[in-house]
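The values are calculated or read from the model by the stated rules, or taken from the named source; none is laboratory data. Because the structure is predicted, anything quoted here is derived from the model rather than measured. Here the Cβ is made from the backbone with ideal geometry for all residues, glycine too, and neighbour counts use every protein chain on show. The protein model used for the area step is the full one, side chains on, heavy atoms only, and it has no ligands, DNA or RNA in it. Shrake-Rupley method; radii C 1.70, N 1.55, O 1.52, S 1.80 Å.
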Amino acid sequence: VYIRGDSLVDAGIEDGDIAVFRIAEVAREGDLVFACVNGLCTLKIYRDTPAGIILDPANKNYQAIEVGPDDNLSIRGILMNIIRKPRRQIK
């Protein structure tokens, strides 16, 4: 999956990188998950709190996604590896 956006830059994941996932329907605390909430898919850090599931970004400019009891959450995969996009070389 090609990464689009910068919500995980503080985790070292940048726009244009390629994410490799292990197919999974269940996640553990702290996993980087490919998840869909009400049909919108994202890559975020999975948090299981007493108040419910939270999908956290790793960029202070973004808000966490709080998954409510009426939301439809599906975990599609767990991040296994990142393939870096080619970086421009300065001559």
Net charge near D31: determine it from the other residues with C-beta under 14 Å of the C-beta of D31, scoring Lys and Arg +1 and Asp and Glu -1. +1
For segment 30-46, what does the Karplus curve 6.51 cos²θ - 1.76 cosθ + 1.60, with θ = phi - 60°, yield as ³J(HN,Hα) per residue in whole Hz, taken in order and with x for Gly and Pro? x, 5, 8, 10, 8, 10, 10, 10, 6, x, 9, 9, 7, 10, 8, 8, 7
Calculate, for I54 and V20, the FRET efficiency according to 1/(1 + (r/R0)^6) with r their C-beta to C-beta distance and R0 22 Å; round to the nearest 0.05. 0.35
Leaving ligands, DNA and RNA out of it, report the carbon-plus-sulfur percent of the accessible area of the chain at a 1.4 Å probe. 51 percent
Can you give me the accessible area per residue for the chain, using a 1.4 Å probe, in Å²? 71 Å²
Pull up all non-local amide H partners of K44: gap of 5 or more, or a different chain, and H-to-H distance under 5 Å with H placed in the peptide plane. V33, A35
Name the long-range amide H neighbours of I53: under 5 Å, sequence gap of 5 or more, or other chain; modelled H, no Pro or chain starts. V67
Enumerate the calculated ³J(HN,Hα) couplings along segment 62-77 in order (Karplus 6.51 cos²θ - 1.76 cosθ + 1.60, θ = phi - 60°), each rounded to whole Hz, writing x wherever the residue is Gly or Pro. 10, 8, 5, 9, 8, 8, x, x, 8, 7, 9, 9, 9, 8, 9, x
Measuring from label point to label point, each 7 Å out along Cα→Cβ, what is the D10 to D70 span in nm? 3.1 nm
About the Cα centre, and with charges only on the beta carbon of Lys, Arg (+1) and Asp, Glu (-1), how big is the dipole of the chain? Nearest 20 debye, please. 660 debye
